[in-house]
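Report on one structure; see the data block that follows.
The values are calculated or read from the model by the stated rules, or taken from the named source; none is laboratory data. As the structure is a computational prediction, the values presented were derived from the model and not from experiment. We place every Cβ from the backbone using ideal geometry, glycine too, and count neighbours over all the protein chains shown.
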């Protein structure tokens, strides 16, 4: 299988990624609970950028089905191992990019994209595609690492120096940080109405957005 540069990066780092503890567990659990509050027992859910499947496995008991995908085969391999160990039957893990989910195929009650949108090569195209696979009135829920509003020396050093050096060494994927306010506009332009926005502080701000498909 010929993998893209980013798919190869995430596959190579999958085992280490799976073993590393979540840096902000309180923030993660809060995001999980907010997400679950928008989901119903009969929902069919799509998660893109599912990584090793941890979030999908925690959400699975609260919905009908989950299709969870990631571009990295190494991530999906671990996700399937977890699914088998836990005996979860309503999840399908698959290797796929966002655009691989057919616009003319199944539509979903909820689409999730946690810690992903700053990593996609074409944000507008991705959002338009995700809108096309979300049912009218369905929800799109995302959490995205964003650039800070206004000048930040820390962000400048990370984005202009640290990230390019790590990418040159093969230790970082492609990233495209935008302001949270710009992210909101792009989500709305993609075909959604924003219902909820909150920011989680950290080394960089993570913006949590819940939006309804128009």
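For region 162-184, what are the residues that are in contact (Cβ under 8 Å) with a residue 60 or more places away in the chain and farther than 18 Å from residue 203 by Cβ?
170, 174
For region 1-24, give me each residue that is within 17 Å of the chain's Cα centre (by Cα) and assigned to a helix (DSSP H, G or I).
6, 7, 9, 10, 11, 14, 17, 18
Scan region 29-54 residue by residue and report those that are surrounded by fewer than 19 Cβ atoms within 10 Å (Cβ to Cβ) and assigned to a helix (DSSP H, G or I).
29, 30, 32, 33, 34, 36, 37, 54
Evaluate region 63-76: report whether one residue or more is under 14 Å from residue 11 (Cβ atoms), out of contact with any strand residue (DSSP E or B) (no Cβ under 8 Å at 6 or more places or on another chain), modelled with pLDDT of 95 or more and surrounded by 18 or more Cβ atoms within 10 Å (Cβ to Cβ).
Yes, because at least one residue in region 63-76 is under 14 Å from residue 11 (Cβ atoms), out of contact with any strand residue (DSSP E or B) (no Cβ under 8 Å at 6 or more places or on another chain), modelled with pLDDT of 95 or more and surrounded by 18 or more Cβ atoms within 10 Å (Cβ to Cβ).
Would you tally the residues in region 56-115 being part of a loop (DSSP other than H, G, I, E, B), under 21 Å from residue 42 (Cβ atoms) and in contact (Cβ under 8 Å) with a residue 24 or more places away in the chain? Outline the logic, then answer.
Applying the first criterion (part of a loop (DSSP other than H, G, I, E, B)) to region 56-115 yields 63-64, 71-72, 87-90, 96-97, 101-107, 115.
Narrowing the set further to residues that are under 21 Å from residue 42 (Cβ atoms) leaves 63-64, 88-90, 101, 105-107.
Now restrict to residues that are in contact (Cβ under 8 Å) with a residue 24 or more places away in the chain: 63-64, 88, 90, 101, 105-107.
So the answer is 8.
Could you list, in sequence order, the residues of region 141-153 that are surrounded by 11 or more Cβ atoms within 10 Å (Cβ to Cβ) and farther than 30 Å from residue 110 by Cα? Steps first, please.
Narrowing region 141-153 to residues surrounded by 11 or more Cβ atoms within 10 Å (Cβ to Cβ): 141-149, 152.
Matches in region 141-153: 152 only.
Just to be sure I understand the filter: pairs with C-beta atoms under 7 Å, separated by 6 or more residues or on different chains, first member in region 195-211 and farther than 12 Å from residue 146 by Cβ, second member surrounded by fewer than 19 Cβ atoms within 10 Å (Cβ to Cβ) and at pLDDT 90 or above. Which pairs pass?
195/212; 210/38; 210/195; 210/196; 211/193; 211/194; 211/195
Grab the helices (runs of 4 or more DSSP H) fully contained in region 138-204, keeping just those with 1 or more residues being at pLDDT below 95. Please lay out each step first, then the result.
Working: elements: 153-157, 163-168, 180-189.
Counting at least 1 such residues, we get 153-157, 163-168.
Where residues in region 87-108 are at pLDDT 95 or above and touching a helix residue (DSSP H, G or I) at 6+ places or on another chain (Cβ under 6 Å), which of them is surrounded by the fewest Cβ atoms within 10 Å (Cβ to Cβ)?
Top of the filtered list is 90.
Listed residues 28, 38; which is in contact with a strand residue (DSSP E or B) (Cβ under 8 Å, 6 or more places away or on another chain) and either at pLDDT 95 or above or under 19 Å from residue 206 (Cα atoms) (or both)? It would help to see each step written out before you state the result.
Numbers: 28 fails: in contact with a strand residue (DSSP E or B) (Cβ under 8 Å, 6 or more places away or on another chain).
From the options 28, 38, the qualifying one is 38.
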